[in-house]
Each structure stands twice: as structure tokens, then as C-alpha cells.
1. So what's the angle, to the nearest 10 degrees on a 0 to 90 scale, between helix 18-39 and the longest Cα principal axis of the chain?
2. Order the peptides 120-130, 21-31, 94-104 from the highest to the lowest mean number of other Cβ atoms within 10 Å of their residues.
3. Return the distance in nm (one decimal) between the two label points of a simple spin-label model at Ala32 and Ser138, each offset 7 Å from Cα along Cα→Cβ.
4. Please work out how much length the chain gains when fully extended from Asn41 to Gln128, using 0.36 nm per residue of separation minus the C-alpha to C-alpha distance, in nm with one decimal.
5. How high is the relative contact order of the chain, in percent, counting Cα pairs under 8 Å that sit 6 or more residues apart?
6. Please give the Cα centre distance for segment 80-157 versus segment 15-66, rounded to the nearest Å.
7. Stretch Ser23-Gln101 to full length: gain in nm at 0.36 nm per residue minus the Cα-Cα span?
8. Relative to the first principal axis of the alpha-carbon coordinates of the chain, what is the inclination of helix 42-67, with its axis defined by its Cα atoms, in degrees from 0 to 90 and to the nearest 10?
Amino acid sequence: MKHHSLPATRRAQLAFTLVELVSIILIAGILAAVAGPRFFNASTFAARGYADAASGFLRYAQKLAVARHGGVTVQIDNTGLALCATASNPCADANPWPGPQGETPYRVDVPNGVTLAGSAASLTFDAQGRPDSGITLSITGDTARTLTVEAETGYVY
């Protein structure tokens, strides 16, 4: 149906009124003020990203231990996770394992606004990918996230 074929009174009803437009802008402003900070909080994304990176790091360490027939240690401190051939913390310059892209030492550092706490200072995987003990990592940013490595299987979740 074309607009110019409608009567003049009907054509006027097809547009928004000024009150409707101001109401929409007011509602959008309130939503932006209330919900906006939740979407733009950097620690939310940093903590989630670090939890994902730490999980991948632990899985890589387990797979590296299987490929190298054991002896891969993950060292844990408040600055991050490091991959090493020995359990001595910090890792000596002669003992770091390379990362998946060949980077040595292979570390995943904790970003600003995020804290890392572990139930142990290190975790060593054997030739079957089993850890010497189960651990729990607590990653805290906007909320607390927990990573667990199962003692028998080395499963990371």
C-alpha cells in the first residue's frame, strides 16, 4: 500500500510522535547507564581469558609429558604458570620446556586486575599424563573461577 494513496489523517498516524521518540531515548539511556559498565569491565574479560589460557597451558603440559615420556612440571606462583623440566621453583635457565610455538621459557602471566592462587607450588606430569597430585587453581577477577586438575587422570576442568 502506497503512502500517497492513503488519506491525510491516516498518513500522519504512520510516524512516531515526539513523546514516543523521547521515551525510547530515555529508556536506552537508562539501560546504557545500568548495563554498560558490566559490558566494559576489563577484569571480567581478563579473568575469563586467563582461566581459558591457564586451562590450555595445563593441557599442553600434560600432552608434552606424554610426548616426552614424562618429567614436565608446571610451576605455579602468583605471577603465573611456567613450564619446566624440574620442580625447583623458579625454573633455572637451563631447564625450561618450550611452548607450542617454540617460545622459551613458556609462561602464562597473570594479567592486571586478576589474581592466581594454587593449592600447590608445582605439578609434575608423568609419561602417562598423570599428575603427581591433584591441584586446584583459583583465578579471581570480577568473580572467582576454579580450575581443577584431577589426581588420577590429569583431567583439567
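Nothing in this text is a laboratory measurement; each read-out follows from the coordinates by a stated rule. All figures in this text were calculated on a predicted structure; none of them were measured in a lab. With ideal geometry, Cβ positions are generated from the backbone for all residues, glycine too; neighbour counts draw on all protein chains shown.
1. With rounding to tens, the tilt is 10 degrees.
2. 120-130, 94-104, 21-31
3. 3.9 nm
4. So the chain would gain 27.2 nm between Asn41 and Gln128.
5. This gives 21 percent for the chain.
6. 27 Å
7. 22.7 nm
8. Computed tilt is about 40 degrees.
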